[in-house]
Amino acid sequence: MSSTPVVTVSNLRKNFGSFTALDDINLEVHKGEVVAILGPSGSGKSTLVRCIAQLEEIDAGSIFLDGELLGFEHHKGSLRPLKDSQRRAQRRRMSMVFQQFNLFPHWSVLRNVTEAPINVHGLSKHQAREKALPLLERVGLADKADAYPRHLSGGQKQRVAIARAVAVDPRVLLFDEPTSALDPELVGEVLHTMKALAATGRTMMVMTHEMQFAREVA
């Protein structure tokens, strides 16, 4: 393992009004690790991953990506929130796979996968396409590049979402219960894709109920 963790969470607290969702959370994720966060519904798994992705404001503690403080900067002896542009730059180094897929319904599979590489990371359309097609091949959906999400099963949608997340070469892949919205017969195909991804050395944090996946991969 590298000396500097990819993700460090230190003394993290997150409140929703008077309710404390996360309290004194500490963890490290090193390069190439697959870390599974297990717990019942309502235990704070999704809140934790959303805080790491900077989709939720934290109330105390700190989160670091490759040793860089996320969301805040030191200024005159205290911390102040980063500007939106600075936060967006930090988010570019992470990718998240959501429970509900969050594909753009009016775009083809290929455009869903190439949009961020083109408009966030500055690749040309040709470069993004050359990168996306092998990814779709890897998740078993090369023949669906021109299809629209409405023509896909839930498992296929989630595999597109995984390809989209990988397409920007993130430092860490964040999975927010990626199989919870799937029918039981579709769970296996998504877990197979995630196992194959883990085998390539990707750094992954997975919020999950899938005990067998955690046992075999994490």
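The values are calculated or read from the model by the stated rules, or taken from the named source; none is laboratory data. Treat the numbers as computed from the prediction; the structure is a model and nothing was measured. Please note: Cβ atoms are built from the backbone with ideal geometry, for glycine as well, and neighbour counts cover all protein chains shown. Surface accessibility is based on the protein's heavy atoms, side chains included, excluding ligands, DNA and RNA. Shrake-Rupley method; radii C 1.70, N 1.55, O 1.52, S 1.80 Å.
One Cα centroid belongs to the stretch 137-172, the other to the stretch 32-96; the line between them spans 25 Å.
Once backbone amide H atoms are built at 1.01 Å from N, Ala147 has Val109, Leu110 as its partners under 5 Å, excluding neighbours fewer than 5 places away on the same chain.
Heavy atoms only, probe 1.4 Å: what % of the accessible area of the stretch 1-129 goes to carbon and sulfur, would you let me know? About 50 percent, which is the carbon plus sulfur part of the accessible surface.
Over the stretch 5-104, Cα pairs under 8 Å with separation of 6+ residues give a relative contact order of 28 percent. Take the alpha carbon gyration tensor of the stretch 45-103, find the square roots of its eigenvalues, order them as a ≥ b ≥ c, and report rounded if a/c is under 1.5; if not, report prolate when a/b exceeds b/c, else oblate. Because a/c hits 1.5 or more and a/b exceeds b/c, the stretch 45-103 counts as prolate.
If you plug the beta carbon distance of Leu133 and Ser10 into 1/(1 + (r/R0)^6) with R0 = 45 Å, you get a FRET efficiency near 0.65. Amide hydrogen proximity for Met94: with H placed 1.01 Å from N in the peptide plane, the residues at 5 or more positions away or on another chain lying under 5 Å are Arg171.
Would you kindly calculate the translational diffusion coefficient of the stretch 1-152, applying Stokes-Einstein with the Kirkwood radius from alpha carbon pairs, for 4 °C and a viscosity of 1.567 mPa s, and quote it in µm² s⁻¹ without decimals?
Approximately 72 µm²/s, per Stokes-Einstein.
Which value, in debye to the nearest 20, gives the size of the charge dipole of the stretch 98-216 about its Cα centre, when Lys and Arg are +1 and Asp and Glu are -1 at the Cβ?
Details: 14 positive and 13 negative charges, 76 e Å.
In debye, rounded to 20, the stretch 98-216 gives about 360.
Using alpha-carbon pairs under 8 Å, 6+ residues apart, how would you state the relative contact order of the chain in percent? Value for the chain: 26 percent. Solvent-accessible surface of the stretch 75-129, averaged per residue with a 1.4 angstrom probe and all protein chains in place: 63 square angstrom.
Filter the GluC sites (Glu not before Pro) in the stretch 1-63 down to the DSSP loop ones having no more than 14 other Cβ atoms within 10 Å, then list what survives.
For GluC sites (Glu not before Pro) across the stretch 1-63 that sit outside H, G, I, E and B with at most 14 neighbouring Cβ atoms in 10 Å, the list reads Glu57.
Positive end of the dipole of the stretch 141-218 (Cβ unit charges, origin at the Cα centre): among Val168, Ala198, Leu186, the Cα lying farthest that way belongs to Val168.
For Asn15, the residues whose amide H sits under 5 Å from its own are Ala21, Asp59, ignoring neighbours fewer than 5 places away on the same chain, with H placed 1.01 Å from N. Based on the alpha-carbon gyration tensor of the stretch 135-218 and its eigenvalue square roots a ≥ b ≥ c, which shape applies: rounded if a/c is under 1.5, prolate if not and a/b is larger than b/c, or oblate? Here the stretch 135-218 falls in the oblate category.
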